[in-house]
């Protein structure tokens, strides 16, 4: 092992990702933008390393070679520490090489992804002075500070004689004609996003989880709109629990200078395992969704025995009512038909737990937020809501931990709106779900996925009640079920009176939930049934097509 002497570290990340990806209500733009964000800190960054460094640990296939270390090989001019998830860190033998790398990558981003905000930050380091773990930590902190100091970026507007882009209102540089023959003006940013849509599809299809009869949709209206019904989409944002702490522990475990190469191995290995687990979870979710679609490709099962979701046909293939936008790390975002949003979130989290158990020897958990909105609602606002919901689920889950070393349980939260979103999430919920006097909450959400984590704020309670209200004698009493929603808002006494007057004669009993057995619908200040009634038309579980419909009381 030799001392490399003075080296230069470079960190890169994409800033304002949400604005870049989600600012448009055209799914193709979102798809292309997501691909470009990933390319900037993965494929393009690796290409730039190979371009400027005669020798590096990056192969011609853009693979990071794990056994090549700048500390151990004096001929190595550059070593990529890790790449992915919107972040990149590399070590260069000289400051000139680091500068050449920054120039190469930023030039490519400017030319091929106009509008993308790439932030680069470098730091010189003498190998024998401090541990690499400390230096990388400081480098990333400085990168964060540099991002905050960036001046407001203002795009160049056009002149009075220039045409305006139909999507971004920036000067148009291209006239685009879609498959229906409609023509639209596009700015350089929008045109670049559209240009990379085929590449984004190639990445998804290369995972090998998509059956030949299906294709990924390219338009929000292709996610599962049912004829003569309003179209709702679900924006799902999921995030792993406690991964930041795991990353910090790697730095603490390899905090000595002599541990530098081992620190790189551990950091790189952690990043790769998370990436593999996330991809396996996505593939598992795709398989489960496809198994829930009938062989004719037209229907999804519904636990009430109905078939409310028709899958659209495009040519000889059917559009899958689901589209991943951000994936490959612990932070993922999907968009899908509104009625399978919760089921997709649940399935991904369960698949993520199983995949991380394989990669790490023990499962990692995750939380998700699901925003269910009209298909043409401003996408950026829907994504922001999904992020907020994910954070409320995380806060709820963290509060259930018995001690610092305990595993944070997986949890989900969701919000449905047929109109607009006004104000912050807490304010909207106080306004739309006011609890009756003396009660704590009209809803159970957020809820945990694992039943042992909470006595009654569990997803199984919501699903059992939603199933019960659509089966047996309730299946023919939809009006009474919907009327019960208004009664639940009035409190336990009103529910008891409503049951005596309208339900008892028809032998309609509230679905059985442990703890909610007195017929009032309330327990410990929480209503056990409102979420379920609201989801009657908004939740389609991903049941295998041939599976028997479950018993609501089982």
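Sequence-distant contacts, meaning Cα pairs under 8 Å at least 6 residues apart, place the relative contact order of the chain at 14 percent. Axis angle, to the nearest 10 degrees, between helix 95-112 and the longest C-alpha principal axis of the chain: 50 degrees. Pairs of Cα atoms under 8 Å, at least six residues apart: use those to get the relative contact order of segment 40-126, whole percent. Result for segment 40-126 is 28 percent. Given their separation in residues at 0.36 nm each and the Cα-Cα distance between them, residue 258 and residue 129 gain 45.3 nm when the chain is fully extended.
Rg then Dmax, both in Å and based on the Cα atoms of segment 377-533: 16.6, 52.
Segment 84-119 and segment 509-543 have Cα centres spaced 52 Å apart.
Among beta bridges identified by DSSP and lying wholly in the chain, the antiparallel ones come to about 85 percent. Taking the alpha carbon gyration tensor of the chain, multiplying each eigenvalue by 5 and rooting it gives semi-axes of 46, 29, 21 Å, largest first.
The long axis of helix 459-468 is offset from the longest Cα principal axis of the chain by roughly 40 degrees.
Annotation: extensible slack from residue 376 through residue 195 equals 62.9 nm (criterion: 0.36 nm per residue apart, minus Cα-Cα distance). What would the Debye equation give as log₁₀ I(q)/I(0) for segment 104-147 at q = 0.18, 0.29 Å⁻¹, counting only Cα atoms as equal point scatterers? The Cα Debye sum returns log10 ratios of -0.65, -0.97. Site pair residue 512 and residue 164 shows an inter-label distance of 6.3 nm when each label is modelled 7 Å from Cα along Cα→Cβ.
In this simple spin-label approximation, residue 212 and residue 493 carry label points 7 Å from Cα along the Cα→Cβ vector, and these lie 6.8 nm apart.
Of all DSSP bridge pairs formed entirely within segment 368-512, close to 25 percent run antiparallel. Once R0 is set to 30 Å, what does the formula 1/(1 + (r/R0)^6) return for the Cβ-Cβ distance between residue 178 and residue 296, expressed as a FRET efficiency to the nearest 0.05? That gives a FRET efficiency of 0.60.
Given their separation in residues at 0.36 nm each and the Cα-Cα distance between them, residue 55 and residue 202 gain 50.0 nm when the chain is fully extended. Each helix, a run of at least 4 DSSP H residues, gives -39500 (n - 2.57); summed and divided by the residues of the chain, these come to -12000 deg cm²/dmol at 222 nm.
Once the Cβ-Cβ distance of residue 437 and residue 505 is raised to the sixth power relative to R0 = 30 Å, the FRET efficiency obtained is 0.55.
When peptides 203-212, 164-173 are sorted by average Cβ neighbour count within 10 Å, with the highest value leading, the order is 164-173, 203-212. P(r) tail, segment 6-148: Cα-Cα pairs separated by more than 26 Å, 23% of all pairs.
Taken together, the values in this text are just the output of simple stated rules run on the coordinates, not laboratory data. A quick note: this is a predicted structure, and the numbers were derived from the prediction, not measured. Virtual Cβ from ideal backbone geometry, glycine too; neighbours counted across all protein chains shown.
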